[in-house]
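A.B. asks: One structure follows; several queries about it will come next.
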Amino acid sequence: MKKNDLTILQSFGITGIVILGMLLFSPVSLLLGNFMGKELATLIYYLLSIGVPFWIISAIRKSKTNSKTLNFKIENKRIIPFIIIATVALLFGLISPITNLIPIPESIKQVFLSFSNQTGIFAFILMVFAAPILEEFIFRAIILDGLLKKYTPITAILISSFLFELVHLNPWQFVTGLVIGIFSGWVYYRTQSISYSIIIHATANFSGYLVRYFVDMDSTMNQTLTELYGGLLSLVLAICGSVLLVLVCIYFLNKEFAKRKSISKGKNSIILLILYSTISISSCSPDVKSEFSEIQNYLNALTTEDFSGAILVAKEDSIIDYRAYGYANIEHKIKNEVHTRFNLASITKMITAVGVLKLYDEGKISLEEPIKKYLPNYSNEEVKSSVTIHQLLSHTSGLNNFYTEERFLATDKLQYKNVSDFVPLFENDTLLFKPGSKYHYSASGFVLLGLIIEEVSEQNYYDYIKNAVFKPAQMENASVFEIDAITENRADGYTSHFGEMETLKKNESYLSKASPAGFHYATAEDLFNFLKALRKGKLLKKETVKLMHQPKTKGYNTHIGYGVDIDSRYNQKIIGQSGGWYGIHNELLHFTKDQYMVIILSNQDDDGKKGASGVKNFFIQLFAKKN
């Protein structure tokens, strides 16, 4: 177990500390109430009974985990109206009808009425400020945050919500605590900011505070559900309208969360949270349940020492786990996040291939004609007269890999601003063999494909890829950077020279601006969206995707399609692409039979056994197993 994990048993222990505090400080309210007023006494009691346990829990957390601060950052103010409206709708359209049906003992009713009659400034401070802040600190920022690092989001949210309702010692608040707890937990899970959860809690409490001014609580408790809402029709309209309002808010919240690319182990909405836990999991086959469990256990056990980067696991169209490990910048201890952009290295070739095949779909190019038709001014007559787009895409052109040549490694890489700037690195080279006769991995060939894109589309390569691939695939973080650019959310690369050195070094001297052959930047979720868009026919015609994925030649270990590897060495076909360079190791794996997708992006190279290689080997063994 990692240091900042939290087990279910430990979360119950934390809740026990809170309840113990409430019991131990209960005499305070009675003693102080005699000479300073009931409301102020209640506020002081609350601050002691919840504040002291929070201080104890925080001290334990600081000493035993790596988590020493709380995240209050509000990155997206647009979601605040939606969470407020959804909270109010949940209160009056769902929680209120349910609580009205619950029979309450007279003794508890009197306690509740006594508290509800407190309408002064101290009651306002307690309900709208003290309770939301302290309780969200404990149940979201500490308990939920710790559970999310060890369990599935559904399990973590439900457990933390149950514990949240447990400390509210009356049946009515049980329901409120559970429903608001689930909603608040979901928002925290998607944003990782405690401020939004505090706003939800404060909204719920402020609504309850206002009701005291407009509703006779005593008579309300004795009304039937239909009487409370003024008739059956009004009741039905209130419930249906509130549910619709909540769904609309969740729809827009999901869209805003997707823009942020916050931690996203799954895209299930809050409405599906309970359904998934009770229906979907139970209906999964034993094998799938076992695989999900193994994934969780493996990712939970993985540490910063084992791997640096991001790992996304999806089944069909749903992300089932998405995590980040290690540091984007080791020197300044800036952690990798799931929204961190990583250098893709040769996965860029797959993106370029899609860009080329889009022109093929549009009837603008032929795959089998010599490239002289599209690059008539290219200086190497041998190449332009004998090499085809098919051969460039399948690494059978006979062109070399300029990235590994000293003429690239030894140059000032700031000079490479445009696709054409890379051409002098190889344009005068003779072909290594007759085009089409064998395989040789070639970055040079993909630079020529980039030139063809520019000539045929009449656009700059980078603009074309942005408009033709990134936008329709919703790859919102995919970017091209100058190597000296100062950018946010970008992982620096660190090389061990593929395991030969014990001390890591920065990889900047090995990098240039992206070419059509490598070095774009993107998040793992960008690549998931790319694969999904490709599979659903949003980027290419489905028959063209099939053509792209058909083996064209035998590579070093796998067969080669158009910009993709086809690996048939296992009990199911794996289609994808690797991206390896100094300080970079990426794997994009689509297990075609079971429809699992695994995306591994690492800002460190490795020796073929550890790091990203070790992660890749785990998933291949889990899903495919060697024949």
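The values are calculated or read from the model by the stated rules, or taken from the named source; none is laboratory data. Nothing here was measured: the structure is a model prediction, and the numbers come from that model. Positions of Cβ are backbone-derived with ideal geometry, glycine not excepted, and every protein chain shown enters the neighbour counts. Keep in mind that these areas ignore ligands, DNA and RNA; they rest on the heavy atoms of the full protein, side chains included. Shrake-Rupley method; radii C 1.70, N 1.55, O 1.52, S 1.80 Å.
A.B. asks: GluC sites (Glu not before Pro) within segment 483-585: which are DSSP loop residues with at most 12 other Cβ atoms inside 10 Å?
C.D. replies: Glu488, Glu500, Glu502
A.B. asks: Suppose R0 equals 35 Å; then what is the FRET efficiency for Lys438 and Thr303 from their Cβ-Cβ distance, rounded to the nearest 0.05? Before the final figure, lay out each step's value.
C.D. replies: Working: r = 43 Å, r/R0 = 1.22.
The computed FRET efficiency comes out at 0.25.
A.B. asks: A further question follows. With every protein chain left in place, what is the accessible area per residue of segment 483-627 in square angstrom, probe 1.4 Å?
C.D. replies: Accessible area per residue: 41 Å².
A.B. asks: Give me the base-10 log of I(q)/I(0) for segment 382-522 at each q in 0.09, 0.13, 0.14 Å⁻¹, Debye formula, one uniform scatterer per Cα, rounded to two decimals.
C.D. replies: Here the Debye-derived log intensity ratios amount to -0.32, -0.66, -0.76.
A.B. asks: Next question. Quick one: which of Lys372/Lys434; Lys384/Lys542; Lys150/Lys625; Lys333/Lys609; Lys335/Lys506; Lys315/Lys538 span more than 21 angstrom between C-alpha atoms?
C.D. replies: Result: Lys384/Lys542; Lys150/Lys625; Lys333/Lys609 exceed 21 Å.
A.B. asks: Follow-up question, since we're still on this one. Tell me the chymotrypsin sites (Phe, Trp or Tyr not before Pro) within segment 334-437 that lie in a loop according to DSSP and have at most 16 other beta-carbon atoms within 10 Å. Don't jump to the answer; show the numbers that get you there.
C.D. replies: Values: sites: Phe342, Tyr360, Tyr374, Tyr378, Phe402, Tyr403, Phe408, Tyr416, Phe422, Phe426, Phe433; in loops: Tyr374, Tyr378, Tyr416, Phe426, Phe433.
Answer by residue number: Phe433.
A.B. asks: A follow-up question, please. What does the charge add up to near Leu451, with Lys and Arg as +1, Asp and Glu as -1, over the other residues with Cβ less than 14 Å from its Cβ?
C.D. replies: Cβ neighbours under 14 Å give a net charge of -2.
A.B. asks: How big is the Cα convex hull of segment 19-87 in projection, averaged over all directions, in nm²?
C.D. replies: 7.4
A.B. asks: Give me the distance in nm between label points sitting 7 Å out from Cα along the Cα-to-Cβ direction at Ser509 and Asn377, one decimal.
C.D. replies: 3.7
A.B. asks: Now for a separate question. Straight-line reach from Lys573: which aspartates and glutamates have a Cα under 17 Å away, not including same-chain ones fewer than 8 places off?
C.D. replies: Glu316, Asp565, Glu587, Asp594
A.B. asks: Spin-label point model (7 Å from Cα, Cβ direction): what's the Ser63 to Val243 distance in nm?
C.D. replies: The two pseudo-label positions are separated by 5.0 nm.
A.B. asks: Within the chain, what whole-number % of the accessible surface is contributed by carbon and sulfur, with the 1.4 Å probe and all protein chains included in the calculation?
C.D. replies: 59
A.B. asks: Please report Rg over Rh for the chain, where both radii come from the alpha carbon positions and Rh follows the Kirkwood definition. Don't skip to the end; give the middle numbers.
C.D. replies: Numbers: Rg = 29.3 Å, Rh = 27.4 Å.
Dividing the radius of gyration by the Kirkwood radius yields 1.07.
A.B. asks: Per the helix-only calculation at 222 nm, which mean residue ellipticity applies to the chain, given -39500 (n - 2.57) for every DSSP H run of n ≥ 4 and division by its residues, nearest 500 deg cm²/dmol? Intermediate results must be reported in sequence, preceding the final value.
C.D. replies: Values: 26 runs with 297 residues, N = 627.
Value at 222 nm, helices only: -14500 deg cm²/dmol.
A.B. asks: Let me ask something else about it. Quick one: grab the alpha carbon gyration tensor of segment 295-379, order the square roots of its eigenvalues as a ≥ b ≥ c, and give me rounded if a/c is under 1.5, else prolate or oblate depending on whether a/b is larger than b/c.
C.D. replies: Prolate.
A.B. asks: Additional query: By how many nm would the segment from Lys73 to Leu409 grow when fully extended, if each residue of separation counts as 0.36 nm and the alpha-carbon distance is taken off?
C.D. replies: 116.8 nm
A.B. asks: Hey, another quick one. Contour minus end-to-end for Lys625 and Thr224, with contour as 0.36 nm per residue of separation and end-to-end as the Cα-Cα distance?
C.D. replies: Length difference between fully extended and current span is 138.2 nm.
A.B. asks: Find the centroid of the Cα atoms in segment 477-515 and in segment 342-380, then give the distance between the two in whole Å.
C.D. replies: Computed from Cα coordinates, the inter-centre distance equals 26 Å.
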